[in-house]
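Notes to accompany the following structure.
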Amino acid sequence: ENAPVDIDHIRIDHGGRKAELAGTFDSASRVIRISKCNSGIDVLALARAMMPDAVGSLSAASTSGAWGISGAGEIPVDQPENFRWNGHVALDGELVYASGQTNIALQKPTFSLRVEEQAVTISDLKAGLWDGSLDVARLQVPLASKEKKLRFETQLKLDDVRLQSIINSFSEAPKQPA
């Protein structure tokens, strides 16, 4: 009666994109275990839908292009904010943060992703940035809550970036071509 329920195939459509999942639901522990996930759903849209309080400070972020997400994880039904995930993410497009005079765009980011104990760890992030490349071995992001603000902890490497591209990211765009 409390035996896990196998879920062979679930298809989710969100924003014109789809995700396909397989796993089990353990009714005794009230945990959904996702053993297989392949998704093209926008990560930001999904995060906003699942954790609106945790991603409020990312409201200035947007994406273009196709997402590729794979991995496995667990979602406690009674505390979905304590979900765990381990997988890989790639965006064939841009991840843009635009707020005020700041406009930063990562081109074709790819990375490994681990979510555990309300912290996100991004590993092996590679992307185009400021007409050069960005390489981040590890980025730790404790999720924001009422008690703590969102903050990023990382070390990164930038190669072949252009100074003018950096300046343009943090200033108002010129009204006429220069």
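Here is how the numbers come out for the structure above:
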item: Distance cut-off 16 Å, percentage of C-alpha pairs in segment 60-104 lying past it; result: 59 percent
item: Inter-label distance for Asn168 and Ala72, nm, one decimal - labels placed 7 Å from Cα along Cα-to-Cβ; result: 4.4 nm
item: Whole-angstrom gap from segment 12-36 to segment 80-107, using each part's C-alpha centre; result: 22 Å
item: Mean accessible surface per residue for the chain, computed with a 1.4 Å probe while every protein chain stays in place, in Å²; result: 63 Å²
item: Sulfur and carbon atoms: percent of accessible area, the chain [1.4 Å]; result: 53 percent
item: Local electrostatic count at Gly65 - Lys and Arg +1, Asp and Glu -1, tallied over other residues with Cβ under 12 Å; result: -1
item: When the chain is reduced to its Cα atoms, the Kirkwood hydrodynamic radius in Å; result: 18.0 Å
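The values are calculated or read from the model by the stated rules, or taken from the named source; none is laboratory data. Just so it is clear, the model here is predicted, and its values are computed rather than measured. As a convention, Cβ positions derive from the backbone with ideal geometry for all residues, glycine included, and neighbour counts pool all protein chains shown. We work out accessible area using only protein heavy atoms, side chains counted, and drop any ligands, DNA or RNA first. Shrake-Rupley method; radii C 1.70, N 1.55, O 1.52, S 1.80 Å.
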